[in-house]
Amino acid sequence: MGKNVTQKLIDGHIISGQPGKGNEISIKMDQTITQDATGTMACLQFEAMGVDKVKTKKSVSYVDHNTLQYGGYENADDHKYLQTVAAKHGIFFSRPGNGICHQVHLERFGVPGDTLLGSDSHTPTSGGIGMLAIGAGGLDVAVAMGGGAFGLTYPEVVLVNLKGKLQPWVSAKDIILELLRRLTVKGGVGKVFEYGGEGVKSLTVPERATITNMGAELGATTSVFPSDDVTREFLKAQGRESDWSELTADAGAAYDETVEIDLDTLEPMIALPHMPDNVKKVTEIAGLKVDQVCIGSCTNSSYRDLMLVAETFEKGGHKVCPELNLTISPGSRQVLEMISLNNGLASLIKAGARILESACGPCIGNGQSPPSGGVSLRTFNRNFKGRSGTPNAQVYLCSPETAAAAAINGVVTDPRTLGEFPDVKMPETFLVDDSMVIAPPADPSGVEVLKGPNIQALPIQPPLGDSLSGKVLIKLGDDITTDDITPAGVWLKYRSNVPKYSESVFSAIDPDFHKKALEAGGGFVIGGENYGQGSSREHAALCPMYLGIKAVITKSFARIHKANLINFGILPLVFDNPADFDGIDAGDELELNDLTAGLEPGVTLTLKNITKGREIKLRHDYAPIQTAMIRAGGRLNYTVSGGA
C-alpha cells in the first residue's frame, strides 16, 4: 500500500519506535524556530544543557512578539540576549522589524520534506510548503537544537479532500473556519490534517499556509499540503527553487478519516466570540455594528492578502468607515516593501488605515485593544476572551475579504456584495533582501552573551518523591486556554523572569491565585475538557511549577500543554470516571501515594480526597521516557543527567 504525505514525512525521520497509529516514536528535527516571547527561555535552557553549537540543519531565532518596548528596558534586553546567544551557538537571528516568524520562515527558510519544531503553536504554518512542522514547548525545541529527538504518538491522518475551486470573495480562511465549525477545537487531537483533491491545485502557498496555520486551533499535531508545482513556483519566486522537491501522496494511499469540502459552494465564514470554532456564515450576522478591524497576523498577512485589501479600497474608491479603526500588520518586511512598490501601501494609507509594524502586535494583545465591549473583526487565529487586552471585547475571526467589507461599511458585511473581485496575481519574483537576518559567525569565541537584569535564573524542579499532598488551589471548567493560565499582553515582557511572570497565573480568574499558591506551598489544579488549549507557551507549565503546583487533574488535556507539564515535572492526570470531577472542590485536601509504582504503564492511581473522605481513580498514558522525565523533576534534569 502506498504512503500518504504525512507518513512519508514522519517515516523518513524516525529515530526510535515503529510506524503505526498509536505507537510512541521519536523523530529527528531538521530545523527549529523560536520567537522572543518563548525563545529567551528556550535559549536559557539550551545554554543549561552545555551544548556549544546547535546540531540542526538550521535554527532561526525571530523577534516578532515583544517589539513595542513599552514600559521599560525588559524587551530590549531580551532582544540583545537573543542576538548574542544566537551568535554564540550557531543560530540565525531575524531582527525586530523583519517580520513574523511563520511568514518569514515560509518565505526564506522552509524546505519541503524537512521537519521543523517551533516554540510557537502556529509553527504548522510551514506545512503549507510540505514540511512536517510541529509546535512545542521551548524546552522541547532547546533539546532539538542540541540534537535530541522529539517524541510523539504516531498520529491518525485525516484527508481533507478539497473539491472544486473557491469563488470570488471566498478565501482560504473560510476553508479552515468551515473545518473548525464541523470538527471543533478538540476535533484534531492526535491527528494530522493532510490536504488533497483537485481544489489544492488552485490554492497558492500563502493560502495553504493560512489553512495550516489555523489547523492549530483544531488541536491537531500539525497540518500539511503536498509539495507540488505550486510550491515550486513559490520557491522559485523567492529565489529558492533549489530547495524544492516533490512530495505527494502515493496512488492508493490510505487515510484514517476523510473530510470533504466543496469549494464551489463554500461561503464567507466568521468565528464568533469567544472560540475559533464558534463559526457561522457571514450572512447570518450581517449588519452587526463593528468598532475595529485588524488585518494581519501570521494567519493572513501575506502579499496577496494585503494587496487584495488595498485594491478593494482603491478600485471601489472606498474609505475606512469613520465609526471604526482599521489596522494593517504586514507579515514581513518583504511583504511591506512589495505592497509599497506596488502602490498597495499608498492605497491603504489613503483609505484611512493605520499601518503597524511587521510583527504579531494586536493578535497577542500588544496594542490596539478594542474599546470596552467593542466588536473587533480580526483576520487572526484566536479570539479567546480577554486575549485582545480588553476583557469584555467581542472578537470575531474572519478573512481579509470580510474584514475589508466591514471596514468599508462599518457593519459585518458579506464581501460578495462589494462587486468586482480584485485580480491579485502572485509575483513572478519576490523582492529578496535578507540583510535583517544575521548569520552566526564562523568563529564565535569572541562573542559575549549579554543578559539584562530581567533575565532570571531557570527555576529547577526537584525529583519526584513517592507521594504528593496539598490543597486544590483552583477548580476550572472546560477549554481553559494557556492565555487563561499565563496571559500575554502587558505580561509578555516578563517571559524571561519566571518569579515575576508567575504573578500572572490565573490572574484573570483569581487575581490572588499566586499568593494563595505560595502561601499554601503549592497544591493541585482541577480542570475540565481540553485543558491548556491554545498557545504553546511553556510558561503555562513553568510558572505553575514555580508556584509549587504538583499535579493538574482534568477530564482531558491539549497536546502541547500536557507535554509541557511533563517537561517541568508536573503530573498531568485524567479522571478515570469524568463524573468524579464533580466530587472535588477548591480547598479540598488531596493526597497521592505510591507514585513509584503508580507511574508504570497501565497502572491506575488512587487519589485520596481527605476533606471528603473518598477515593478517586486517575489515569495516565505516559511513554516510558516521559515517566523518566517526571521522576527526574522534568526534561531539563533528565537531559543534563544523560537522558536523550
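The values are calculated or read from the model by the stated rules, or taken from the named source; none is laboratory data. Quick caveat, the model's predicted, so the values are computed rather than measured. Note that we place each Cβ from the backbone using ideal geometry, even for glycine, and neighbour counts take in every protein chain shown.
Quickly run through region 486-526 and pick out the residues that are of a type in the set (Gly, Ala, Ser) and closer than 27 Å to GLN35 by Cβ.
Of everything in region 486-526, those that are of a type in the set (Gly, Ala, Ser) and closer than 27 Å to GLN35 by Cβ turn out to be ALA488, GLY489, SER496, SER502, SER504, SER507, ALA508.
Can you spot a residue in region 85-96 that is in a strand (DSSP E or B), within 21 Å of the chain's Cα centre (by Cα) and of a type in the set (D, E, K, R)?
no
Which count do you get for residues in region 502-535 that are among the aromatic types (Phe, Trp, Tyr) and at positive phi?
Qualifying residue count for the region: 1.
Out of the residues in region 27-44 that are part of a helix (DSSP H, G or I) and of a type outside the set (Val, Ile, Thr), state the one that is farthest from the chain's Cα centre (by Cα).
Per the stated criteria, the residue is LEU44.
Is it the case that some residue within region 400-410 is outside any helix (DSSP H, G or I), farther than 26 Å from ALA563 by Cβ and modelled with pLDDT of 95 or more?
yes
Given the criteria modelled with pLDDT of 95 or more and surrounded by 19 or more Cβ atoms within 10 Å (Cβ to Cβ), does VAL259 qualify?
no
Mind telling me which of the residues ALA251, ALA271 ends up being of a type in the set (A, V, I, L, M), farther than 28 Å from GLY151 by Cβ and at pLDDT below 95?
ALA251
Name the residue that is nearest to the chain's Cα centre (by Cα), counting only residues in region 388-420 that are more than 14 Å from ALA286 (Cα to Cα) and without any contact (Cβ under 8 Å) to a residue 24 or more places away in the chain.
Per the criteria, the residue is THR390.
Quick one: LYS8 ticks every box in (1) assigned to a helix (DSSP H, G or I); (2) of a type in the set (D, E, K, R); (3) within 29 Å of PRO440 (Cα to Cα) bar one, so which box is it?
In the conditions (1) assigned to a helix (DSSP H, G or I); (2) of a type in the set (D, E, K, R); (3) within 29 Å of PRO440 (Cα to Cα), LYS8 misses (3) alone.
Are any residues in region 415-430 surrounded by fewer than 18 Cβ atoms within 10 Å (Cβ to Cβ) and either of a type outside the set (Asp, Glu) or more than 30 Å from GLU233 (Cα to Cα) (or both), and if so, which ones?
Correct list: THR417, GLY419, PHE421, LYS425, MET426, PRO427, THR429.
For region 36-62, how many residues are at pLDDT below 95 and within 23 Å of PRO330 (Cα to Cα)?
Residues flagged as at pLDDT below 95 and within 23 Å of PRO330 (Cα to Cα) within region 36-62 amount to 4.
Count, please, the residues in region 51-73 that happen to be more than 9 Å from THR32 (Cβ to Cβ), in contact with a strand residue (DSSP E or B) (Cβ under 7 Å, 6 or more places away or on another chain) and of a type in the set (Val, Ile, Thr).
The number of residues fulfilling the criteria is 1.
Residues that are assigned to a helix (DSSP H, G or I) and in the same structural domain as CYS398 (by TED's automatic domain parsing): does region 322-332 have at least one?
The answer is no; no qualifying residue exists.
Find the residue count for region 469-490, including only residues that are in a strand (DSSP E or B), at pLDDT 95 or above and of a type outside the set (Gly, Ala, Ser).
Residues flagged as in a strand (DSSP E or B), at pLDDT 95 or above and of a type outside the set (Gly, Ala, Ser) within region 469-490 amount to 5.
Would you confirm, using the coordinates I've provided, whether GLY374 is surrounded by 21 or more Cβ atoms within 10 Å (Cβ to Cβ) and not assigned by TED's automatic domain parsing to the domain that holds SER535?
No.
Determine whether region 102-119 contains at least one residue that is modelled with pLDDT under 95, crowded, with 23+ Cβ neighbours inside 10 Å and within 17 Å of the chain's Cα centre (by Cα).
yes
In region 452-466, how many residues are buried (at least 17 other Cβ atoms within 10 Å of the Cβ) and either under 29 Å from the mean Cα position of the chain (by Cα) or more than 24 Å from LEU139 (Cα to Cα) (or both)?
Result for region 452-466: 3.
Identify, please: which residue in region 254-306 is of a type in the set (D, E, K, R), under 20 Å from PHE421 (Cα atoms) and assigned to a helix (DSSP H, G or I) and is, among those, nearest to the chain's Cα centre (by Cα)?
Checking each candidate, the answer is ASP305.
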